[in-house]
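What follows is a single structure, written as structure tokens, with notes after it.
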Amino acid sequence: MLHANALPQASRRVQLRPIALDGAMRIGLCLLIALAAWMLIGCRSESQTPVKPGTVGWRPIGEWSGRENTQTESFNIESGQLRIKWETKNETSPGAGRFKVMVQSAVSGRPIALAVQHLGVGKDTAYVSDEPRLYFLLIESSGIDWTVKVEEAVVAAGPSRP
């Protein structure tokens, strides 16, 4: 059995003395500290510049033209956003040309939106917002030539983060 007096002494005083640095050592130490700080700043996980949201672009889906009633083939719109550019011309009698574009569901056949209803010569753009699905256009026309272009909204990716 050990007595309390037999235990080794656990505490011993240590004296710290300042280290004398000459000019070259001071410069080297300052450079080392600056390099370490620069590396820490460069290794941050977040960028300081904010990521801008993507911009909307338009992807061509289809183009049709004619003079009579037409039903287009079906087309897929994944974003649910359509842009319909249309133009009418070569009217047989001034003011008598009739033009109508109905957006329909290719799944159920039901009407989604009346995109265009126009009399006479003209040109414009119509926008339709709905759910992603298959669509087709039902075009009614009399006495006028027409052209229709369908585009889908697509969002361009913003700048990527490092």
Per the list (1) out of contact with any strand residue (DSSP E or B) (no Cβ under 7 Å at 6 or more places or on another chain); (2) in contact (Cβ under 8 Å) with a residue 60 or more places away in the chain, residue check on Ile84 breaks on (1)
Within region 142-162, residues being over 20 Å from Ser74 (Cβ atoms) and at pLDDT 95 or above number 4
The residue that is modelled with the highest pLDDT, considering only those in region 77-95 that are loosely packed, with under 12 Cβ neighbours inside 10 Å and farther than 17 Å from Val148 by Cβ, is Glu78
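The values are calculated or read from the model by the stated rules, or taken from the named source; none is laboratory data. Everything numeric in this text was worked out from a predicted model, so none of it was measured. A quick note on method: Cβ atoms are made from the backbone with ideal geometry, for glycine too, and the neighbour counts reach across all protein chains shown.
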